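Visitor: Starting off with a structure, shown below.
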Amino acid sequence: MGLFESIPLMPVMASLSDVKVLITGASGFLGTHLIQRLCPIGGEVHATSRTQRPNVKGGPLWWQTDLEDLGAVRSLLANVK
């Protein structure tokens, strides 16, 4: 059992099943734990990484992007919207 799996979901998180979530820094410590908690709830989870990552069933939709590039961020947000 992971560090955060023992903590019960807050009521607000249980209601996220109908929303889109974009996690920046998704391959980092906090991002990986957020993915583990949000993906099973059933919401549409999008995640960013500087390196290419495969989309896996039941996981987030990965986007390879440089968040320091304003044009890339605008494109990302337009695609996620």
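The values are calculated or read from the model by the stated rules, or taken from the named source; none is laboratory data. On a predicted model such as this, the values are computed, not experimentally measured, just so you know. All Cβ positions, glycine included, derive from the backbone under ideal geometry; neighbour counts span all protein chains shown. Calculation scope for accessible area: heavy atoms of the full protein, side chains included, ligands and nucleic acids excluded. Shrake-Rupley method; radii C 1.70, N 1.55, O 1.52, S 1.80 Å.
Visitor: Taking the conditions exactly as written (in a helix (DSSP H, G or I) and in contact with a Phe, Trp or Tyr (Cβ under 9 Å, 6 or more places away or on another chain)), does His33 satisfy them or not?
Guide: yes
Visitor: So, one more: Only one residue in Leu70, Leu61 is within 10 Å of the chain's Cα centre (by Cα), open to solvent by 70 Å² or more (accessible area, probe 1.4 Å) and of a type in the set (A, V, I, L, M, F, W, C). Which one?
Guide: Leu61
Visitor: To continue, here is another question. Of all residues in the range 37-81, which are among the β-branched types (Val, Ile, Thr) and under 17 Å from Val21 (Cβ atoms)? Don't jump to the end; show me each part of the working.
Guide: Taking the range 37-81 and keeping what is among the β-branched types (Val, Ile, Thr), we get 41, 45, 48, 51, 56, 65, 73, 80.
Ile41, Val45, Thr48, Val56, Thr65, Val73, Val80 - these are the residues of the range 37-81 that are among the β-branched types (Val, Ile, Thr) and under 17 Å from Val21 (Cβ atoms).
Visitor: A follow-up question, please. Please tell me if Ile35 is modelled with pLDDT under 95 and open to solvent by less than 30 Å² (accessible area, probe 1.4 Å).
Guide: Working: modelled with pLDDT under 95: yes; open to solvent by less than 30 Å² (accessible area, probe 1.4 Å): yes.
When the stated conditions are applied, Ile35 passes them.
Visitor: In the range 38-56, which residue that is open to solvent by less than 20 Å² (accessible area, probe 1.4 Å) and among the β-branched types (Val, Ile, Thr) is farthest from Glu68 (Cα to Cα)?
Guide: Result: Val45.
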